[in-house]
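Report on the structure given below.
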Amino acid sequence: MMRAPRPSALLQRITPGTLDRYLVRQMAPPFLISLAVVMTALLLERLLVLLNVLAADGGTLKIFAGLLADLIPHYLGLALPAAICVSVFSVVRRMSQNNEIDALMASGISLLRIARPFVMMGSIMGLVGFSLYGFIQPYARYDFRQAMYLAAHAGWGPHLQSGMFAIPADTLMLTADRVDGAGTRLYHVFIRDRSSGLERDISAESGTLRIADDRTSVRLDLAHGIIVTDRRDAAPTLVQFDTTTRIFQTVSQAHAFRHRGNDERELTLLELLRGMHTGDPAIRRPHLVAELHFRLARALAIPFIPILACALAGVAKRQRHNLGLAIAAISLVGFDHALQLGLSLVASRSMSPWLVIWGPFFLFCGACVWLIVHRTGSAGSGRIWRRPFTRLSASPSS
């Protein structure tokens, strides 16, 4: 009689073996490269828009870095499935071209067994995606909107034109004969400051305007000029300087930004559930239901992406070109658009999410599983998920 497997043997079977560690090591470099390339491609257009907006409003590099950090979770959620697909496809394709897949199958290891470490990594990435979609992206979206609002309504921007009279405050007037193209480098500057019950007339050969770090004041660095102070009850004083700095307090046009939660995309999964059960006066219930099911479907679909990539990466020996990657890309884009359409239908027409969101989900996942089983050629192989090269204990002779 065969002895029942001991707990230690079961643990040994589910722990990663030599093949698992080898495949994960092969997957890591293309995954990181693919993730960096996709993130750069997605961020590039938005970065140019941010640079133009901040340049027009006098934003600093610190504000730009904060906005960029708020954008990373959103685009990371888009880039993660694509990076997983490309990395798994490249590894399996290379192994197929180098006859490694044939050697493994000849030893009794099926393609499903080869896909096991990729599916495990996809499950880990699914947990990362669940955290991104459910908890990190809502806060990042709100922070980005708040930072853009404050950057656009922070008050007077430090930009001038040649011969223009700027009045950043009621007691301050500023002009310059010549200004460079960026509007921050001034030549032949004249300032009249009537604050503190005094009148100061300042003239300088050149100056540089920049917004302060607190976004509530403007700093002007002047070089080679004269300050004439009229105290009214005393004789005017004249001071010559080589360099001096003036801080202009401006009136901010920005009010306190709204609280988080006016948009369902700014709510976490727990807040969406709470809003569905208790009711949210600011957001209609169909929008909450659609957003909740949409995020869950996106996160749960990530572990099936490596299965799709493994099934499409195989290439015949005499075949030079393989359209598997193009088919995988079209499938991922089509699936994402189907989820987006389901989100809109549930939110606007109150359709059932089980039909228009989970229907495409089960269709996509079922197609991935069927494709790899069909590619393997045998759905009942005994070595589909077991650890390869496991020693079988011989039965004791009677």
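The values are calculated or read from the model by the stated rules, or taken from the named source; none is laboratory data. Here the structure is a predicted model, which means the values were calculated and not measured. Don't worry about glycine lacking a Cβ; one is built from the backbone with ideal geometry, like all the others, and counts go over all protein chains shown.
A few comments on the model shown:
This table checks each residue for (1) modelled with pLDDT of 95 or more; (2) part of a helix (DSSP H, G or I); (3) aromatic (F, W, Y); (4) not assigned by TED's automatic domain parsing to the domain that holds A147.
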position	(1), (2), (3), (4)
H255	no, no, no, yes
H277	no, yes, no, no
P281	no, no, no, no
E291	yes, yes, no, no
A301	yes, yes, no, no
C310	no, yes, no, no
V315	no, no, no, no
F335	yes, yes, yes, no
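- Condition broken by Q137, with the remaining ones in (1) within 14 Å of F304 (Cα to Cα); (2) in contact (Cβ under 8 Å) with a residue 60 or more places away in the chain satisfied: (1)
- When residues in region 1-45 are screened for being surrounded by 14 or more Cβ atoms within 10 Å (Cβ to Cβ), modelled with pLDDT of 85 or more and not hydroxyl-bearing (S, T, Y), 15 of them pass.
- Note on region 86-122: residues that are under 19 Å from V373 (Cβ atoms), touching a residue at least 40 places away in the same chain (Cβ under 8 Å) and in contact with a helix residue (DSSP H, G or I) (Cβ under 9 Å, 6 or more places away or on another chain) total 19.
- Residue count for region 257-275, restricted to those that are surrounded by fewer than 21 Cβ atoms within 10 Å (Cβ to Cβ) and not in a helix (DSSP H, G or I): 8
- Unique residue being on the phi > 0 side of the Ramachandran plot and either part of a helix (DSSP H, G or I) or not charged (D, E, K, R) (or both) when the list is G108, G122, G126: G108
- For region 81-116, a residue qualifies if it is buried (at least 22 other Cβ atoms within 10 Å of the Cβ) and of a type in the set (S, T, Y), and the qualifying residues are S87, S110.
- Failed criterion for Q137 (all others in (1) polar (S, T, N, Q); (2) modelled with pLDDT of 80 or more; (3) closer than 24 Å to V228 by Cβ hold): (3)
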